[in-house]
Amino acid sequence: NKKELEEIIGKDSITIDGREVELVGNIGTPKDIAGLKKNDAEGVGLYRTEFIYMDRDSMPTEEEQFNSYKEVLESLNPKPVVIRTLDIGGDKKLPYLKIDEEMNPFLGYRAIRLCLDQKEIFKTQLRALLRASVYGNLKIMFPMISSLEELLEAKKVLDGVKSDLDKEGIKYADNIEVGMMIEVPSAAIISDVLAKHVDFFSIGTNDLIQYTTAVDRMNEKIHNLYNPFNPAVLRLIKMVIDNGHKENIWVGMCGEAAGDKRMIPILLGMGLDEFSMSASSILPARRIIRSLKLEDTKKIANEVLNMSTAEEIEKYIKNIIK
Ligand code: PEP
Ligand code: MG
């Protein structure tokens, strides 16, 4: 089995009938790149930058951030690297950034909401990202966007930082794609509108499942209710992919579901373009993709979208994988 996986190192992530997708990795620090390379990742689909801010007692400076981003971009160049702006709050806290106690932290002051409120933090990160962009193939991604207004405001801040750099004569790449995560149901529902303003979507199923089904992703007691095969979640995913494609943007997924071998046939059939997962899932995922026909997965996706319960869908998929 290990040998079988090693044999597909260097091969394309392509179905029998020629549908090629991108298989990329999720990372938290530059140290994770080694694992991605070993597992032949085609780039980074999610760099969770909050780890740069955690486990310390003050904000990372622009220089410190720049060095981390540069290291990742340079070492993977020319492969794409999607770097997500700060997603703090919710379960992730910073000792040096005081946030009032909240009744519902996951519905509270977090991620892009915090960044748009405390713009100096956001601008410092964007400056570091833009400066690092000349060292590789950077794509910037905003987390937790829940409305068009937020997306437009985030883009405005980015444009402001670009003009600051222009004035200072500091260079940045001119082809940086700007995208957003789809992890809040309101964003999925208006993805037709949002798609007109970004270069890509990346579906964050970890949060999308939580918010769509009102099931806390950390609560063991209701873990049986937390399910990517929930038909409501699958319909939203399909809708987001279709809405993205109508506007000719690419659609990826960086939540855990992207690396789930039972989900891959469904996601392929729905038209997902990019799958981002932990390093160890990449080669197994490629093997599955190379064993499938796109035409068959389209039928699977259609069947599944017509089913009414997660149980029914899981049973059907289990049979197919056999
Ligand atoms: C997600 O919500 O699916 C995601 C990838 O982000 P995180 O797990 O960091 O919340
Ligand atoms: Mg998330």
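Quick look at the values:
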{"read-out": "Members of the range 187-207 that are under 15 Å from VAL233 (Cα atoms) and either in contact (Cβ under 8 Å) with a residue 60 or more places away in the chain or within 15 Å of ligand 1 (Cβ to nearest atom) (or both)", "value": "ALA187, ALA188, SER202, ILE203, GLY204, THR205, ASN206, ASP207"}
{"read-out": "Among the residues listed as SER133, SER146, the single one being polar (S, T, N, Q), within 23 Å of TYR47 (Cβ to Cβ), away from ligand 1 (no atom under 16 Å from the Cβ) and not in a strand (DSSP E or B)", "value": "SER133"}
{"read-out": "Test: residue in the range 164-186 that is more than 16 Å from ligand 1 (Cβ to nearest atom), of a type in the set (Gly, Ala, Ser), without any contact (Cβ under 8 Å) to a residue 12 or more places away in the chain and within 29 Å of GLU64 (Cα to Cα)", "value": "yes"}
{"read-out": "Candidates ALA301, ALA279 - the one that is in contact with a strand residue (DSSP E or B) (Cβ under 6 Å, 6 or more places away or on another chain) and within 26 Å of ASP12 (Cβ to Cβ)", "value": "ALA279"}
{"read-out": "Residues within the range 2-40 that are in a loop (DSSP other than H, G, I, E, B), more than 16 Å from ligand 1 (Cβ to nearest atom) and either under 29 Å from GLU64 (Cα atoms) or among the small types (Gly, Ala, Ser) (or both), tallied", "value": "5"}
{"read-out": "The range 199-230, residues that are touching a helix residue (DSSP H, G or I) at 6+ places or on another chain (Cβ under 7 Å) and either more than 23 Å from PHE142 (Cα to Cα) or of a type in the set (Val, Ile, Thr) (or both)", "value": "ILE203, THR205, ILE209, THR212, THR213, VAL215, LEU225, TYR226, ASN227, PHE229, ASN230"}
{"read-out": "Matching residues in the range 294-312 - criterion: being surrounded by fewer than 16 Cβ atoms within 10 Å (Cβ to Cβ) and outside any helix (DSSP H, G or I)", "value": "ASN306, SER308, THR309"}
{"read-out": "Hits in the range 252-293 - residues which are hydroxyl-bearing (Ser, Thr, Tyr), surrounded by fewer than 18 Cβ atoms within 10 Å (Cβ to Cβ) and outside any loop (DSSP other than H, G, I, E, B)", "value": "SER280"}
{"read-out": "Set ASN26, ASN67: member being more than 16 Å from ligand 2 (Cβ to nearest atom), of a type outside the set (Lys, Arg) and touching a helix residue (DSSP H, G or I) at 6+ places or on another chain (Cβ under 9 Å)", "value": "ASN67"}
{"read-out": "Pick from the range 151-179, criterion under 28 Å from ARG113 (Cβ atoms) and small (Gly, Ala, Ser), ranking: nearest to the chain's Cα centre (by Cα)", "value": "GLY179"}
{"read-out": "Residues (closer than 13 Å to GLY28 by Cβ, of a type in the set (A, V, I, L, M) and surrounded by fewer than 18 Cβ atoms within 10 Å (Cβ to Cβ)) located in the range 44-86", "value": "MET54"}
{"read-out": "Filter result for the condition that a residue is of a type outside the set (Phe, Trp, Tyr), over 19 Å from ILE16 (Cβ atoms) and at pLDDT below 95, over MET218, MET307, MET253", "value": "MET218"}
{"read-out": "Number of the condition not met by ASP100 [criteria: (1) part of a loop (DSSP other than H, G, I, E, B); (2) closer than 29 Å to VAL233 by Cβ]", "value": "(2)"}
{"read-out": "Which listed residue, of ASN248, ASN224, is surrounded by fewer than 16 Cβ atoms within 10 Å (Cβ to Cβ), in a loop (DSSP other than H, G, I, E, B) and more than 16 Å from ligand 1 (Cβ to nearest atom)", "value": "ASN248"}
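The values are calculated or read from the model by the stated rules, or taken from the named source; none is laboratory data. All figures in this text were calculated on a predicted structure; none of them were measured in a lab. Please note: Cβ atoms are built from the backbone with ideal geometry, for glycine as well, and neighbour counts cover all protein chains shown.
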